[in-house]
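Notes follow once the structure below has been shown.
The values are calculated or read from the model by the stated rules, or taken from the named source; none is laboratory data. Keep in mind that this is a model prediction, so the values were computed, not measured. Glycine also receives a Cβ, built like all others from the backbone with ideal geometry; neighbour counts cover every protein chain displayed. We work out accessible area using only protein heavy atoms, side chains counted, and drop any ligands, DNA or RNA first. Shrake-Rupley method; radii C 1.70, N 1.55, O 1.52, S 1.80 Å.
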Amino acid sequence: MAIDVLMIGLRSVAGTQGGVESHVHHLSREMDRLGLNVAVTVRTPYAPPGQTLPGTRVKVVRLWAPRSTSTEALTHSFLSVLYAAVTRPRVVHIHAVGPSMVIPFARLLGLKVVTTHHGEDYNREKWGRVAKWMLRCGEVFQAKFSNGMICVSKSLSARLSQQYGRPFTYIPNGVVKPEKLSPSGVLSELGIEPNGYIVTVSRLVPEKRHLDLIEAFSKMKDSGLKLVLVGAADHKSAYSQQVIDAASRTSGVILAGFRKGAELQDLFENSAVFALPSTHEGLPIALLEAMAHGCKVVVSDIPPHLDLELSPDNYHKVTDADDLSAKIAKQHVADGSRQDWSGKLQQFRWDVIALKSVEKYRSIDPRIGAAAFSSDVAATAVSD
């Protein structure tokens, strides 16, 4: 049976931190539910043999990749396109600008390509000049050679559409309505109390500005709060070591490592404030998840965050530790009350996001998702 869509550009489809990974995980599930035949290529260092997406028919294909910051994405994407050349999916969906370097190769092989722009990765602080140039080339290749383009950020999609003269369709990241899981015991493990800590969730990479958050926390000496940093580094780096060193020097900072499932849910639901002081984002799934769990949030005033149109008290001046500290203190409420973001999150339903994505595929090959789009329900959802 023909593969409707082959997704490439991610490390693993399950159990790995990262926005692209979470995006493809949920998008693949929804597309499988709609009856599409979905395949996903994953990288051997991050995906154990026999990895599946439980409860779905999604085909998970492990392809070799070096565990190297500079070469793994491009190498794996090239091998994924070779796999596509053999299997001939109706659409190859490439995620992020780095893997998009292989788009001209895919098109030369006669493949139809849809891309999702997950953010301006060339602005990430960890990359050098050559890497930044290559990532910008990936963006250009999306605009010039893709059959269709998607962008997860409203403001960025508008900017890209104007810059390149081709439409980047805004289809955001999504969030799953939390299901109550059994308590994990993670609070006891970390020595923290409900409503007694600030939490952030992200990989240990420079653009997430953990050092700004630690500095801001150090100014809150009388708050009675702790600071929990959830996440890890994909590769050892000077920055991740700086975060570890700064945490060890600052009383009350806890390095919790990578957490998922019930542990992550408990850390969200019992936090006093969720903070994300990034200098770069597409549309952070961690922020949407924090809001879905009723967290009070403080985020930097970068355009992807401003697109959410939160209250001014939810934003701090990017890289300004004093303002970040003040905004966290303002959000912290001693009684532990939660924030209801349900109205704001309605637009980020994965079922609607999947239908809009399939609509993009169908503009290239109408055979994709024909059954799903034969119902009035699907047509209504896509128009929402």
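Can you tell me which residues in segment 209-236 are outside any loop (DSSP other than H, G, I, E, B) and either modelled with pLDDT under 95 or touching a His at 6+ places or on another chain (Cβ under 8 Å) (or both)? Spell out how you get there, then give the answer.
Initial filter on segment 209-236 (outside any loop (DSSP other than H, G, I, E, B)): 210-218, 226-230.
If the condition is that a residue be outside any loop (DSSP other than H, G, I, E, B) and either modelled with pLDDT under 95 or touching a His at 6+ places or on another chain (Cβ under 8 Å) (or both), then L229 is the only one that fits.
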> In this structure, is A2 assigned to a loop (DSSP other than H, G, I, E, B), open to solvent by 30 Å² or more (accessible area, probe 1.4 Å), more than 25 Å from V352 (Cβ to Cβ) and among the aliphatic types (A, V, I, L, M)?
Replying inline: yes
> List, please: which pairs have Cβ atoms under 7 Å, are six or more places apart or on different chains, and start with a residue in segment 275-304 that is within 15 Å of D121 (Cα to Cα) and end with one that is open to solvent by less than 10 Å² (accessible area, probe 1.4 Å) and assigned to a helix (DSSP H, G or I)?
Replying inline: S278/E207; T279/E207; H280/E207; E281/H305
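Quick grid of which residues meet (1) open to solvent by less than 30 Å² (accessible area, probe 1.4 Å); (2) assigned to a helix (DSSP H, G or I):
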| residue | (1), (2) |
| --- | --- |
| A290 | yes, yes |
| G294 | yes, no |
| H305 | yes, yes |
| A329 | no, yes |
| G343 | no, yes |
| S357 | yes, yes |
| Y361 | yes, yes |
| G369 | yes, no |
| F373 | no, yes |
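Looking for whichever is modelled with pLDDT of 95 or more, touching a Lys or Arg at 6+ places or on another chain (Cβ under 6 Å) and of a type in the set (V, I, T) here; the options are V273, V299. Which one fits?
Working: V299 fails: touching a Lys or Arg at 6+ places or on another chain (Cβ under 6 Å).
Exactly one residue qualifies, and that residue is V273.
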> Could you count how many residues in segment 53-102 are open to solvent by 10 Å² or more (accessible area, probe 1.4 Å), of a type in the set (V, I, T) and closer than 14 Å to L10 by Cα?
Replying inline: 5
> What single numbered condition from (1) within 18 Å of the chain's Cα centre (by Cα); (2) open to solvent by 30 Å² or more (accessible area, probe 1.4 Å); (3) hydroxyl-bearing (S, T, Y) fails to hold for S300?
Replying inline: (2)
> Which of the residues that make up segment 188-203 are in contact with a helix residue (DSSP H, G or I) (Cβ under 6 Å, 6 or more places away or on another chain) and open to solvent by 20 Å² or more (accessible area, probe 1.4 Å)?
Replying inline: V201
